[in-house]
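Everything on this sheet refers to the single structure shown next.
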Amino acid sequence: MANRCAVIGIGQTQYAAKRDDLSIAGLVREAAARALEDAGLAWRDIDAVVIGKAPDMFEGVMMPELYLADALGAAGKPVMRVHTAGSVGGSTALVAASLVQAGIHDRVLTVAFEKQSESNAMWALTPKIPFQPPVVAGAGGYFTPHIRAYIARSGAPPDVGIRVALKDRQNALRNPYAHLRMEDATYEAIAESPMLWDPIRFHETCPSSDGACAMVLASEPAAANSPRPPAWLLGGAMRSEPIMFPGRDEVNPRAGRDCAADVYRQAGIADPRRDLDVAEVYVPFSWYEPMWMENLGFAKRNEGWKMVLEGATAFDGELPVNPSGGVLSSNPIGASGMIRFAEAAMQVRGQAGEHQVAGARKALGHAYGGGSQFFAMWIVGSEKP
Amino acid sequence: MSERVYGIKTPIRLEYTYIAGRARSAFLRALAERRLVGERCPQCRRVYLPPTGACPTCGLPTEERVEVSPKGTVTTFCVVNLPFYGQRIQPPYVCASVKLDGADTTLFHLIQDVPAGEVRMGMRVEAVWRPDEEMEASAETIRYFRPTGEPDAPIGLDGEGG
Amino acid sequence: MSQQLSSQPPALSAPHELEYTYTRSVGPVTGRFFGALIEQKILGVRTRSGRVLVPPTEYDPDTGEATGDFVEVGQAGVVTTWAWVSEPLRQHPLQRPFAWALIRLDGADTALLHAVDAGDESRMATGMRVRVRWRDERAGEIHDIACFEPEASP
Amino acid sequence: MREVAVVAFAQAPIVRRETERNEVEILLPVVRDAVERSGIPKSEIGFTVSGSCDYLAGQPFAFVMALDTIGAWPPVRESHVEMDGAWALYEAWVRLQHGDVDSALVYAFGKSSLGDVGEVLALQLDPYYLAPLWPDPVSLAALQARAWLEADGHSEREMAQVAARSRASARNNPNAQLAGDFDIDDLLAEPYLVSPLRRHDCPPISDGAAAVVLAAGDLARRVCQQPAWIRGIDHRIEAQALGARDLTVSSSTALAAEKAGVASGPVDIAELHAPFTHQELILRGALGLDGETQVNPSGGALAAHPLMVAGLTRIGEAAQRIMDGVAGRAVAHATSGPCLQQNLVCVLEAE
C-alpha cells in the first residue's frame, strides 16, 4: 500500500494586489525559502519539485517551470508542472504527495503561485473564442447563476452570503499573510457594497492577488527528524466531471460529493461534521460556503445555510471554516488551492498563530476549479495514520 | 551606484487561427439560416446544443443532427452590474442559461427587452435574430433572448439526477 | 465519421488574437542590471563560488543559492557560439540579416544572448570580439542594448 | 517498485495543419482506439492524466474541452500537466505505485499550426532578459548546433545523415508527416534556414494526438499478450540560461538515463525526442548508445512533431515494438524547453 507522507514545512508569501517588489522567481522563492526554513532543510536536501499554477496567460510566461528551475534550486532534479484550473493548488499538492506515497522520493518541494498583477485577471480568464456572442460575464458570471439556483432550491434567506463574507473578513484580520484586511468589516458595510453580479456584492467576492504557497512533503523516515511537528496525510483525492451534460447538478456537483466520500473513507471519517476540527474550503464567492457545506456532507441537502446562521462555521464555531480568511481574503488563483491545503496542515501542527483553532487534530483542505467540475481534497492529522 | 528599475512593460501579441471543428461549424452554419441544430448522442440519446462533437458522459462522437425550437426556458441567470476588461455591452445586463425546447443542455446568452429585475428562473424566452442582411455563420446572429409572454415553465430545481 | 456528415463544407475558421501589454515587476537583481543599462553600464553578479553571472540572475543556476554582490563587467567580449538569421522574424531585434550570439563579456563567466549586427555571415566567427551598441533613448530594459557589433580589429 | 507496463498505444495521423477537426474531434478516436486496444473497459480505468499546453491554441483552459472525449461520467480521478504527455505518463506511473489503482489512461494533444510556433515558444524563455528579444526555437537550436559542431569536430554531414535516415524510416510509419528518400549531398546543397541549420535539420510543424494505457502487474498480463514493462523511468531539468549551460552535452539526459538504468542491458531500439538533427547525436552520447541500437525506427520528431505529444509518442512507439515482439529492450526519451533543457528517459522491456 502507499507509504506514509507528512507535511514538514510550509511557506506563504504576503498576498497583495501587486507584489511589485519581486520578480516572478522572487515571489515563488519567498514561499519556497520559508517552507525550507520551516522544515529545517537546505535546497540540496530536496529530491524533486512539483509546481502548480493556473493559465500561463496571467503572467505571459509559458511553462514557467523552465524559467524557474534555478529559483527553486532544481538543476539536476525532477520538476513537473500541474494545471487543473482553479483546483490546481490542491491537485499539485496531491501529485507531490503521490511521489512520497509511491516511495520514489523522501523530500518533495511543492509550490503553487499566481502573479496576476502582471496582466489583468478578467482578461486572462476570458477565452477569446471567435463566432461567440458578446456574452462576456466574467468569472462571477459563471458562478452567480448557480448561486441563484441554490438560493431558489434551498430557500436560504437572502443575507447568508453577507454573513459568510463578514466572517471571512474578520478571520483575515487574524492572518498576517491575508491580502484584504477590512478593519471596519460590518454587516452593513458589506450589505451596502455595490452589487457586482446579482446576487453577489463587491465585499462578497474574492480579490485578484499576487502570491505563492509552498510545502515540503516528506516520507516517514525523513519526517522523523523535522524540527517542528509534521502534519500527517490521512487521505487525498481528486475527481473531475464534464462541464455541461443533461441532468448535471452544477449547484451540488457529484464530482465534489464523490471526492469527499473517497477522502473521508481513506481517513476513516464517518461523520465529517463531528470528526473534523477545521476546514479550509475554496470559497471565491461568499455563497459557495453553504453550498460546499452540503457538497462536503457537513450539512444535509438544502440546509448548508443553516450552519452559517447557527455560527457553526465561525472561528469559535462547531466546525470553523476558513479561519485564515479564505479565498475571499486572498486569491492568487493558482496558489489558492494549495493555501487551503497548507492552512489545514498549519492547524493540525498548531502553527496557525492568531487564527489557530484550539486543539485542532484533523483538518480538511479543499479546492475546486473549472465550472465547479475539478475537485481536489486532502485530510491531514496531527497523529500518524 | 545606479538607480534600480522596478518594472518593465512587455507587449505580447500572438496571432492564432481558431478552427471551429466539424460539429461547431455545422451548428454555426445553421444559425445563418436562423436554425438551431444540436447533435444527439447515439448511446444516451441526449441532444447537445451547442454541440461539441462528443457526448461528454458517453465519450462517443455525436453525429445525428436535431433541429430544436428558438423558444426555451431560463434555467438560471445573473445580472452583470460591474464594468470590466473586455466587456462589449454596458452594464447592467442579464446573462442567462436558456434550455431550448428539444435540447437537453443550455445555451448561455443575453436576456433583453425586459427590466433586469423582472427576469426570473422558469421565464419563457425566444431568440431575437439579427436582420437578414447581417446573417452569417456565427453565434452572434442571435442578438439576445426576450420574454415570450407565455406562463413560466417549471424547472427541475433539484438538478434532476445530477 | 458516418457518411451522412462527411459531405460537409469545410470547417469554419477565423483569426483571433491574444494581446496584452504585461506590466512586469523585475525584482532587485534584474532591476539593478536594467538601472545600470540606462547609464550605459553592464553589471554581473557574483555567486558564492565566485563566478560572475551576466546577465545577473537572482539565484545560482547550479546550486540555487542566492547570488551576492554586483560587479561591473566589460562592454565588449567574446562570441562563444552564434547563429545567422537571413530572414528576421517580425519581432526580432534587427530587421536586417543578423546573428544571434552568446557573448561572454570581459570579466563575466557566463554568456549573454543578444543580437550581433555583423552585416554579413562571413564576418561572424566563434571567438571573435564584439562590442555593445547602446540604444540612444534608454528606458531600463533589455532593448537598451540595441545589439552588439564586431569590434574594430586593432 | 510495482511492475507497470504499457499495454496499448494509439495515435492520430500527424498532419501539417488539421483544418477540419478541433482538438476534441482529433483526440476522441485516438482515446477510444487506445482503450479498445487495452482490453480494459473504459469504466474500469482507474486514473486519467493528460498533457497539453493552452498557449498552442491561445486559449486559457483549452485542456478542459478534452475532458469531453473520455466520458468523464461518473466522475473520474483525473489530472493534467501543462507539459508533454510523457510527463503525464510519469505521473500515471507514480500513481499506479500506490496499489489502490491498477490502470491509467494517458493522452496528449497539440495543434502547433494554430499559432506562430516561432513566437509562442519564445514565451518559455526568461521573461526579462530573453523573451522580449523574441528568439525563435530554430535560432536557439542553431546556437547549440554550432557549439556542438565546433566542440567535437562533428560535421553537418552527420546531421544530414540523421535527417535522411529518419525520413527513410518514416516511410513505414503510416502516421508520419514527412517521409521519403533523400540524398545526403542534395540535402547539404540546400541553403541554411538559420545557419548552421538547414530545413532538413528542423522538425515539421504538426497537429496530432496520442494516447497510452498503462496497467499494473497481473492486470497487464491478463489484457496484453506481451506487455512493455517500464523497468525504469526518470526525468531531470537543467537551469535555463543558455549562456550558463554546456550546450554540447545533455547532462540532465545522462543523469536521467543513469537513474532509469539504461546501461544495465542491451538497447535494441531507442526512440529519442530530438526535434533537431544535432540533438539526436547529443542524446546518443548522453544515453551511451552504441552502433547496435536502432534509433528512431518510427522516424522520430524529424518526421512528425506535434508539440506536447511527440514525447509521449516516443514512449508509445518504443512500447509498441516490444508489444509486437520486434524489440526485447527499448529506451524512450522526451524533452521539454529550449535546447534539451529538461529530459525524461524510460526503459521498457519485454517480460
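Taken together, the values in this text are just the output of simple stated rules run on the coordinates, not laboratory data. Fair warning: this is a prediction, and the values are worked out from it, not measured in the lab. Cβ placement follows ideal geometry from the backbone for every residue including glycine, while neighbour counts extend to all protein chains displayed.
Some values worked out for this structure:
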| quantity | calculated |
| --- | --- |
| Cα-projected label distance for D:Ser155 with A:Ala191, points at 7 Å along beta-carbon direction, nm | 8.7 nm |
| Proximal lysines relative to D:Lys259, as straight alpha-carbon distance under 20 Å, when same-chain residues fewer than 8 apart are discounted | A:Lys77 |
| Exposure rule at most 16 other beta-carbon atoms within 10 Å, DSSP loop GluC sites (Glu not before Pro): chain B longest free segment | B:34-135 |
| Helix A:88-101 axis, angle to chain A major axis (alpha carbon atoms, nearest 10°) | 30 degrees |
| Ratio Rg/Rh [Cα only; Rh per Kirkwood] for segment D:267-329 | 0.95 |
| Unit charges at the beta carbon, dipole of segment C:26-150: most positive-side option, C:Ala146, C:Val78, C:His114 | C:Val78 |
| Square roots of five times the Cα gyration tensor eigenvalues for segment C:26-150, Å | 25, 16, 12 |
| Choice from D:Ser166, D:Ser250, D:Ser43 showing the highest fluctuation, given a GNM over chain D with Cα pairs closer than 10 Å | D:Ser43 |
| Net charge over other residues, Cβ less than 14 angstrom from the Cβ of D:Asp183 (K, R count +1; D, E count -1) | 0 |
| For chain A, alpha-carbon Rg and Dmax in angstrom | 19.3, 59 |
| Segment D:37-76: radius of gyration and largest Cα-Cα distance (Dmax), Å | 12.4, 36 |
| Neighbour-count order for D:Ile315, A:Ile46, A:Ile151, fewest beta carbons within 10 angstrom listed first | A:Ile151, A:Ile46, D:Ile315 |
| Gain upon complete extension [D:Val101, D:Arg221; 0.36 nm per residue less C-alpha separation] | 41.6 nm |
| Segment A:110-222: Rg to Rh, with Rh as the Kirkwood radius over Cα pairs | 1.05 |
| Cubic angstrom per residue, convex hull over Cα atoms of the protein assembly as shown | 165 Å³ |
| Label-to-label distance, nm, for residues given as B:Arg88 and C:Arg129 (7 Å Cα→Cβ offset) | 6.0 nm |
| Scaled radius of gyration (Cα, divided by 2.2 N^0.38 Å) that segment A:1-57 gives | 1.35 |
| Neighbour-count order for A:Ile190, A:Ile200, fewest beta carbons within 10 angstrom listed first | A:Ile190, A:Ile200 |
| Chain lengthening between A:Arg44 and A:Ile129 when straightened (0.36 nm per residue, less Cα-Cα) | 26.1 nm |
| Given chain A, longest segment not containing exposed loop GluC sites (Glu not before Pro) (DSSP; at most 14 other Cβ within 10 Å) | A:1-182 |
| DSSP-defined beta bridges in chain A - what % are antiparallel, rounded to 5 | 75 percent |
| Between helix C:27-38 and chain C: long-axis angle, C-alpha atoms, 0 to 90°, nearest 10 | 70 degrees |
| Rg over Rh, two decimals, segment D:150-259 (C-alpha only, Kirkwood Rh) | 1.06 |
| Part-to-part distance (alpha-carbon centres) for segment D:72-141 and segment A:25-71, which is given in Å | 18 Å |
| Listed residue (C:Ser13, C:Val45, C:Thr23) projecting farthest to the positive dipole end of chain C, Cβ model | C:Val45 |
| Net charge contributed by nearby residues that have their C-beta within less than 13 Å of C:Gly74 (K/R +1, D/E -1) | 0 |
| log₁₀ of I(q)/I(0) at q = 0.08 Å⁻¹ - chain D, Debye sum with one point per alpha carbon | -0.35 |
| Exposure proxy ranking, count of Cβ atoms within 10 Å, fewest first, for C:Phe33, A:Phe143 | A:Phe143, C:Phe33 |
| Cα-centre dipole for segment A:141-246 with unit charges at Cβ (Lys and Arg positive, Asp and Glu negative), debye to 20 | 260 debye |
| Share, in percent, of DSSP beta bridges within chain B that are antiparallel, nearest 5 | 95 percent |
| Sites C:Thr21 and D:Arg199, calculated FRET efficiency, Cβ-Cβ separation with R0 35 Å, nearest 0.05 | 0.50 |
| Estimated D of segment B:21-147 in µm² per second, where Rh is the Kirkwood radius over Cα pairs and Stokes-Einstein applies at 37 °C, 0.692 mPa s | 214 µm²/s |
| Highest-MSF residue in chain A out of A:Ala270, A:Ala172, A:Ala156 [GNM, Cα springs under 10 Å] | A:Ala270 |
| Approximate spin-label separation D:Asp290-B:Glu64, in nm, with each point projected 7 Å along Cα-to-Cβ | 6.4 nm |
| Trypsin sites (Lys or Arg not before Pro) within segment C:1-109, DSSP loop, no more than 13 other Cβ atoms inside 10 Å | C:Arg48, C:Arg90 |
| Additional length obtainable on full extension of the chain from C:Ala139 to C:Arg90, 0.36 nm per residue less Cα span | 15.5 nm |
| Cα-centred dipole magnitude for the protein assembly as shown, charges only on beta-carbon of K, R (+1) and D, E (-1), debye, nearest 20 | 1240 debye |
| Cα-based Rg / Dmax (Å) for segment D:41-187 | 20.2, 59 |
| C-alpha center-to-center spacing [segment B:48-76, segment A:296-329] in angstrom | 37 Å |
| Two-site FRET efficiency, A:Asp21 against A:Asp184, from Cβ-Cβ distance with R₀ of 30 Å, rounded to 0.05 | 0.65 |
| Sites D:Asp324 and B:Thr148 - FRET efficiency at Förster radius 41 Å, r taken between beta-carbons, to 0.05 | 0.10 |
